[in-house]
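Note sheet for the following structure.
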Amino acid sequence: MKIHEYQARELLSTAGVPVPAGSLLESVEAAAGVYKDITSQAHTSLAVIKAQVHAGGRGKAGFVKLVRSPEETTEAARFMLSNKMVSNQTGPEGLEVKKLLVAAGVDIAHEYYLAITVDRTKRRNILIASREGGVEIEKVAAENPNAIIKQELHPLLGLQPYAARNIAFQLGFTGKQVGQAVKVMTNLAQLFVEKDCSLAEINPLIVTPPTDKHPDGEVLAIDAKFNFDDNGLFRHKEIQALFDPTEENPAEMRASRMGLSYIALDGNIGCLVNGAGLAMATMDTIKLHGGEPANFLDVGGGASEEAVTEAFSIILSDAAVKGILVNIFGGIMDCAVIAQGIVNAAKSIGFKVPLVVRLEGTNVEAGREILKKAAGDLPTLQAASDLGDAAAKVVKAVG
C-alpha cells in the first residue's frame, strides 16, 4: 500500500523527524489562505506547491512549483487541479490531480538520499544513503555505485546509534548536523519496523545554510515516500485509514473485492491461472514464445464460477487484450467442474478474442471433453495439451 507525500510527512513528524510546515489543499479557492497560513508559520515568503499523486517525475512534469505570493499559489493550484499530470511513470494517459501539498520553502545547502527497505537476498532490512540526493537513486547506483552507502539493520536491535553516526560521517555531516542526522536515521528505522513498511524513503534529506539559530545548519526531510506491507495492515488501522482508492488501478481494486490477485501489465495476452507460482510460469512461457502478458491474475485454488466470470470480465476490460490464456491445475478441484465453469463464464460474457485453455490434474479428460464440445458454441475457444502448446497457440492467435 502506498500513501501520499503529505501523509508521509505527518508520519515522519510524529516519529520525531523534522519536516517544514505544510498543509493539504484541495480547491483553488482555498489556495491563497493556505499560502498565508504556511508562510506566516514559517516566517518566509517562499512556499512550494506539489501535486499529490502516486507517481514520480512531478517536477519535470511541471507539478512542483515554487510560489512567493497568494496569487502565484492560486495560479499554480488552478493549473495542477485542472490538468492531468503526465510523466515517465504515469504513461501518456496521465493522472488526475485532486490534492495538493503547500509547504514552507527552505534554503538548501546540500541534498542527501536516505531510505530503508528490505534486502531480500540477505533477508535483512537495510539502510541506503547517498550524498547525491534529489535525483533517482537507480541512476546514481548505475553511474556511480561508490556513492551508495548501505548498512544492514540488526534483526532485533534495529539501527544502532554507532552505525548511524558512522553513516553520518561518511555522508559528510559535521558538527551538530551529525546528531541531527543520527536522530533522523534511527527514528526512520524504528518507524519502518513499527509500521510494517516495505519502503521508507526521504529524498531529499537536506541541510540548510548556517543561521544564528542553527549555526551548523538544520537537517530536514522535505520529501518522503512510504510503502507498506499489505500483509501487515491488519495491525495498523491508522495506516489503513490513509489508503486512497482513487490512486489505484480500478481493475485491481475490482479484483481485490472478489478475492482475486490481479496486477495489470503492458502486454496483450490476458492470463487466468490458479496459483501464484503457476501464474508466474505461465507469463514466462508466454514470453518464451514471443508474446507479452497483459496481466498477472491468480484466481486461487477454489475459484467459483462467479469468480472466474469476474476474472474474465476484468481481463477483457483492458482494451489492449487481444487473447486470453487460461492455465488451470486441478488439484483439489475437479477439472470437469472447472471446465464447465470456464465455458459458462465465457458464454455469459461473450468472447470476441481468442481463448486458449490448458487443463491438467484431477479428472482432466472429462474436463477436456467439455471444452471440446463447447467449441461449437465458442468459436474462439481452443484447447491445449500442455503449457507450451497453450502459449504457442495464444501467441499465434494474437499475431
Inset, instruction - Specify whether the C-alpha gyration tensor of segment 1-41 places it in the rounded, prolate or oblate class, a ≥ b ≥ c being the square roots of the eigenvalues: rounded for a/c under 1.5, otherwise prolate if a/b is larger than b/c and oblate if not. - result: oblate
Inset, instruction - Compute the separation of the alpha-carbon centres of segment 177-220 and segment 83-148 and state it in Å as a whole number. - result: 15
Legend entry - Extension reserve of the residue 288-residue 150 stretch, reckoned as 0.36 nm per residue once the Cα distance is removed: 46.1 nm
Inset, instruction - For segment 113-182, report the convex hull volume of the alpha-carbon atoms normalised per residue, in Å³, without decimals. - result: 88
Inset, instruction - Just check segment 261-399 against the gyration tensor rule for me: Cα atoms, a ≥ b ≥ c as the square roots of the eigenvalues, rounded for a/c under 1.5, and otherwise prolate or oblate depending on whether a/b exceeds b/c. - result: rounded
Inset, instruction - Report, in degrees rounded to the nearest 10, the 0 to 90 angle that the Cα long axis of helix 276-288 makes with the longest principal axis of the chain. - result: 80
Inset, instruction - With a 1.4 Å probe and every protein chain kept in, tell me what percent of the accessible surface of segment 152-205 is carbon plus sulfur. - result: 55
Inset, instruction - Could you give the spread of the C-alpha atoms of segment 220-317 along their three principal axes, from largest to smallest, in whole angstroms? - result: 51, 31, 24
Legend entry - Rounded tilt (10° steps) of 31-42 against the dominant C-alpha axis of the chain: 50
Legend entry - residue 214-residue 41 pseudo-label distance in nm [points 7 Å out on the Cα-to-Cβ vector]: 1.6
Inset, instruction - Taking the dipole about the Cα centre of segment 9-123, with the C-beta of Lys and Arg at +1 and of Asp and Glu at -1, give me whichever of 43, 64, 117 is farthest to the positive side. - result: 117
Legend entry - Where labels lie 7 Å past Cα in the beta-carbon direction, separation of residue 316 and residue 82 in nm: 4.1
Legend entry - Share of carbon and sulfur in the accessible heavy-atom surface of segment 1-67 [1.4 Å probe, %]: 50
Legend entry - Cα-projected label distance for residue 157 with residue 14, points at 7 Å along beta-carbon direction, nm: 2.9
Inset, instruction - Pick out, from 34, 221, 76, the residue whose Cα sits farthest towards the positive end of the charge dipole of the chain, with +1 on the Cβ of Lys and Arg and -1 on the Cβ of Asp and Glu. - result: 221
Legend entry - Per residue accessible area in Å² of segment 235-349, where ligands, DNA and RNA are left out and the probe is 1.4 Å: 45
Inset, instruction - Could you rank the peptides 137-144, 391-398, 161-168 by their average count of other C-beta atoms within 10 Å per residue, with the highest value first? - result: 391-398, 161-168, 137-144
Inset, instruction - Please work out the FRET efficiency for the pair residue 71 and residue 252, using the Cβ-Cβ distance as r and a Förster radius of 41 Å; give the result to the nearest 0.05. - result: 0.55
Inset, instruction - Calculate how steeply helix 305-316 sits against the longest principal axis of the alpha-carbon atoms of the chain, using the helix alpha-carbon long axis, and give the answer as 0 to 90 degrees to the nearest 10. - result: 60
Legend entry - Efficiency of FRET between residue 176 and residue 332 - r from beta-carbon atoms, R0 56 angstrom, step 0.05: 0.30
Legend entry - Karplus-derived 3J(HN,Hα), 6.51/-1.76/1.60, for each residue of segment 184-195, Hz, glycine and proline x: 4, 5, 5, 5, 5, 5, 5, 5, 4, 6, 4, 9
Legend entry - Gap separating the Cα centres of segment 22-71 and segment 309-375, nearest whole Å: 51
Legend entry - Unit Cα scatterers, Debye sum, the chain: log10 I(q)/I(0) for q = 0.06 Å⁻¹: -0.34
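The values are calculated or read from the model by the stated rules, or taken from the named source; none is laboratory data. The shown structure was predicted, so the numbers you read here are calculated from the model rather than taken from an experiment. With ideal geometry, Cβ positions are generated from the backbone for all residues, glycine too; neighbour counts draw on all protein chains shown. Areas reflect the complete protein model, heavy atoms only, side chains present, ligands, DNA and RNA absent. Shrake-Rupley method; radii C 1.70, N 1.55, O 1.52, S 1.80 Å.
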